Amino acid sequence: MAKKHFAVLGDPISHSLSPKIHMAAYEYLGLDCSYGAIRVPAGELATFLEGEGSSFDGFSVTMPLKFEAASIAGETNLFGTGACNTLVRTNTGFDGFNTDIAGIQFALAECLAIRPESSAVLGSGATARSAVVALVQSGLRNINVYARDTQKATELHDLVLNGAAELTVASIGEYKALENVTVNTIPAGAELTLHVDSQSDGWLLSANYAENNDGLLGLFDSERCVTGKEMLIGQAIEQIRHFVGKDLDVNTLDVTELAAVMRRALS
C-alpha cells in the first residue's frame, strides 16, 4: 500500500501519547504509516482540514475539537453522542467515528465481566457522553451523572433510549463513591470538591491519563483503579481498524498482543 499519514489534533496537544502507541502499532502490523501531533485550536478545524491537513488520510481528534469534528463528518457512527474522535478521509470528505466508547469498554473489561449494577460518571462533556453510552451498551441499568454544570448534564438523558437504563443527575459535590464503577471524565488538574467519608470498594476508570493529578485515586483499591492509558489504547485499536481496515484483515487482529505492544511503547 502507499504510505498513509495520520495525526492527532487538539489543543493543547504536546502531551499526547497517541503518536507513541500508534507508531508502535503500525510497526507491529508491518504498515507504512506516519502519525504526528498537530495543535489545532477550537474553531479552526475546518480551516486546517482544507489547508495543512489536506494531505492526511485520517485524524484522531481530542478536545476541544470533538463536536466540531462531528459537524464536519459526512457519514458518522457516533452512537448518538454528537462527539467524534476519529476522522477518516473519503473521496468526498470525511467519515466520523466515536471510538472512545470502545476504549472505555476495553479499559473496564474486567469490571464489566462481573456485571456491576450501578455506575457513576463524573463530568458532562464529550467523554462523559461516551461513558454513558459505553455503560448502557454494557448492560448497566443504573447510571448516576455528577457534574459541576448539572443543566448541561441533563442532556445526557437523551443517550438512554427506550428505558435501557435509569440515569440521574446530581451536583459533583453529592458524589459519595458508592457505585460499583466510576468513570471520571473531568480533566486532569481540575479541582474536585468531594465529600466522601470512606474508601470505595468499587472500580475507577480515570479517562484522563495524568493519574498523578487524579484526586480520586486514594478512595479506591489500587487493584481496581484503571488508568486512562488503557482507555487510550482501547480507543486507538478501534481507530486503527478504521484507518487501515482496507489494508489488512482487521478481524484477525490479535488485540491482546497489539495492546501489549502499545503498553510497552508507553513504558
- request: Considering each residue of region 28-60, count those that are open to solvent by 30 Å² or more (accessible area, probe 1.4 Å), in contact (Cβ under 8 Å) with a residue 40 or more places away in the chain and in a helix (DSSP H, G or I), and give that number.
  value: 3
query: Pairs, please: C-beta under 9 Å, at least 6 apart or cross-chain, first residue closer than 11 Å to residue 159 by Cα and touching a residue at least 60 places away in the same chain (Cβ under 8 Å) and in region 125-140, second buried (at least 24 other Cβ atoms within 10 Å of the Cβ) and among the acidic types (Asp, Glu)?
result: 131/100
Filter result for residue 230 (modelled with pLDDT of 90 or more, more than 20 Å from residue 6 (Cα to Cα) and over 19 Å from the mean Cα position of the chain (by Cα)): no
- request: Test residue 4 against the criterion of being over 19 Å from the mean Cα position of the chain (by Cα), surrounded by 16 or more Cβ atoms within 10 Å (Cβ to Cβ) and within 30 Å of residue 257 (Cβ to Cβ), and give yes or no.
  value: yes
message: Cβ contacts < 8 Å: first residue within 19 Å of residue 67 (Cα to Cα), restricted to region 1-23; second residue part of a loop (DSSP other than H, G, I, E, B) and of a type in the set (Gly, Ala, Ser), any location; separation 6+ or different chain. Result?
response: 8/16; 10/16; 11/42
Criterion: closer than 12 Å to residue 107 by Cβ, at pLDDT 95 or above and not hydroxyl-bearing (Ser, Thr, Tyr) - qualifying residue of 207, 131: 131
query: Which pairs do you get when a residue that is closer than 13 Å to residue 26 by Cα, found in region 247-267, comes within reach of a residue that is open to solvent by 50 Å² or more (accessible area, probe 1.4 Å) and not charged (D, E, K, R), reach meaning Cβ atoms under 7 angstrom, with the pair 6+ apart or on two chains?
result: 247/1; 258/28; 261/28
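Per-residue answers, yes or no, for (1) among the β-branched types (Val, Ile, Thr); (2) surrounded by fewer than 19 Cβ atoms within 10 Å (Cβ to Cβ):
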position: 221; (1), (2): no, yes
position: 230; (1), (2): no, no
position: 235; (1), (2): no, no
position: 239; (1), (2): no, no
position: 242; (1), (2): no, yes
position: 247; (1), (2): no, yes
position: 255; (1), (2): yes, yes
position: 260; (1), (2): no, yes
position: 263; (1), (2): no, yes
query: In this structure, is residue 119 more than 14 Å from the chain's Cα centre (by Cα), outside any loop (DSSP other than H, G, I, E, B), buried (at least 21 other Cβ atoms within 10 Å of the Cβ) and touching a residue at least 60 places away in the same chain (Cβ under 8 Å)?
result: yes
- request: Assess whether residue 73 counts as being touching a helix residue (DSSP H, G or I) at 6+ places or on another chain (Cβ under 7 Å) and under 28 Å from residue 134 (Cα atoms).
  value: no
- prompt: Restricting the search to region 232-267, which residues are assigned to a loop (DSSP other than H, G, I, E, B), more than 22 Å from residue 59 (Cβ to Cβ) and among the small types (Gly, Ala, Ser)?
  reply: 267
Subset of region 7-27 (residues that are open to solvent by 10 Å² or more (accessible area, probe 1.4 Å), closer than 20 Å to residue 230 by Cβ and β-branched (Val, Ile, Thr)): none
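The values are calculated or read from the model by the stated rules, or taken from the named source; none is laboratory data. As the structure is a prediction and not an experimental result, all values here were calculated from the model. Here Cβ is always computed from backbone atoms with ideal geometry, including for glycine, and neighbour counts include all displayed protein chains. Areas reflect the complete protein model, heavy atoms only, side chains present, ligands, DNA and RNA absent. Shrake-Rupley method; radii C 1.70, N 1.55, O 1.52, S 1.80 Å.
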